[in-house]
Amino acid sequence: MVSSHDEADDLTQETFIKVYKNLNKFEQQSSVYTWIYRIAVNTGLNYLRKQKLRQNLGIEMLSHWMPQKEERNSDGNQRSLLRQVVARLPKKQQMVVLLRSFQDLSFREVAAAMDTTENAAKVNYSHALQNLRKMIANMGLDYESM
């Protein structure tokens, strides 16, 4: 969801602080795993909303999604490029790709984390893959090689 490991580390720490503070509110309607993922997703989305607000106010630098300097010079160019392309997807599609492809969650777990239906998660994932194929093809690259 975010562009740097430091931001991800901070959000992870914030997520676990929220989990700890709200353990007494866990109602066991879902698994603890899904509950924590939902908190993590909400924490990430809230962070991105704040970042977007800061960008709109001119506080944040442009090119937030550009790869880090060391990534441009490393063998991780494809991963960096893929992260940039995923960042251009609509938020729901970004989230389902991150949870399904990068976190290896089942569609049922993705749906619970996103507070949606399993079918809606599948549809968003399908649309995301179609959009990724188009974007990558427009860049003159082969989707299958990524």
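The values are calculated or read from the model by the stated rules, or taken from the named source; none is laboratory data. None of these values were measured; they are calculated from a predicted model. When we count neighbours, we look across all protein chains shown, and the Cβ atoms used for this are built from the backbone with ideal geometry, even at glycine.
So in region 1-30, with the set limited to residues that are among the hydroxyl-bearing types (Ser, Thr, Tyr), in contact with a helix residue (DSSP H, G or I) (Cβ under 8 Å, 6 or more places away or on another chain) and not in a helix (DSSP H, G or I), which one is surrounded by the most Cβ atoms within 10 Å (Cβ to Cβ)? Taking the candidates together, the pick is Ser3.
With under 25 Å from Phe107 (Cα atoms) and either touching a Leu at 6+ places or on another chain (Cβ under 8 Å) or in the same structural domain as Val97 (by TED's automatic domain parsing) (or both) as the only criterion, which of Val19, Val2, Val32 stands out?
Going through Val19, Val2, Val32 in turn, the sole match is Val2.
In region 113-142, the qualifying residues are those that are of a type in the set (Ser, Thr, Tyr) and surrounded by 14 or more Cβ atoms within 10 Å (Cβ to Cβ), and the one that is modelled with the highest pLDDT is Tyr125.
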